[in-house]
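Please treat every number below as a calculation from the coordinates, not as lab data. No experiment lies behind these values; they were computed from the predicted model shown. Cβ sites come from the backbone with ideal geometry, for glycine too, and all protein chains shown count toward neighbours.
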Amino acid sequence: MSDIEEVCVAPSVLAADFGNLTGAMDEVASSTPWIHLDVMDGHFVPNITIGPPVVASLRKHSDAYFDCHLMIENPGSYLEAFRDAGANSTTVHVEVGDTSECIAQMRELGLGVGVALNPDTPLSMATEFLGDIDLLLLMTVFPGFGGQHFIAEVVPKITEASNALVAHGHHYLIEVDGGIFPYEAALSAGAGARVFVAGTAVFRASHPADAVDEIRSAALEAIARATTRRSHVARNDDRP
């Protein structure tokens, strides 16, 4: 996957002006190397957005890392089309099924490999895949529409995923998506998230690039605080 800093904000163009998506991407290009593309089919989720032709059109105007979130049925039938359109990584939902087959296909196609869990799907549904993926997307809203409020009950699952990463020596990035503003980014970062999908917070802001920087800063500060706490606990545990 694309090299990232300690944290990365992935602006979701779902919240941008669909009449000027290239302009929206240009607005944040100086602040982040990633763009998040929400693909919805009207079946897995009750909304329809974009497909490979739109991704291909956007690729002509951007060198960004295209993080494609496939909220669709039968994603395996479309992975090659998204790769050919310019996707760098694709993420499929474990709720759809055939996850092992999709992971193998993504690897064969040279795509970054992601799996996603809805807010009410336990991490145990993805345990068998954690050693084979690059990105674990934990939805902090129910997928289908932008502008929803962050579901704080997902935070313990972020912590659980972070603990599993360390305990088993895995290498996936934990991504969160849904209702992410600076406060929510900080809450998620403290629990272990490192990639933050933000649509409304970025593209409905007066200065989208500044909004990206604010989210990143909030996440980095939370990580620093969490690191300090862990160091303090470790020092106390070492005392006789």
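Taking G86, G131, G146 in turn, the Gaussian network model of the chain (Cα-Cα springs below 10 Å) assigns the largest fluctuation to G131.
Among the chymotrypsin sites (Phe, Trp or Tyr not before Pro) in segment 129-165, those located in a DSSP loop and surrounded by at most 15 other Cβ atoms within 10 Å of their own Cβ are F145. Bridges between two residues of the chain, per DSSP, are antiparallel at a rate of about 5%.
Considering only GluC sites (Glu not before Pro) in DSSP loops that have at most 12 other Cβ atoms within 10 Å, the longest stretch of the chain without any of them is 7-240.
Extension gain for I48-E153 works out to 35.1 nm (0.36 nm per residue, less the C-alpha to C-alpha distance). Here the relative contact order of the chain, from alpha carbon pairs under 8 Å that lie six or more residues apart, stands at 20 percent. In a DSSP loop and with at most 11 other Cβ atoms within 10 Å, the trypsin sites (Lys or Arg not before Pro) in segment 47-116 are K60. For segment 53-64, the Karplus equation 6.51 cos²θ - 1.76 cosθ + 1.60, evaluated at θ = phi - 60°, returns couplings of x, 5, 4, 4, 5, 5, 4, 5, 10, 8, 9, 5 Hz by residue, with Gly and Pro reported as x.
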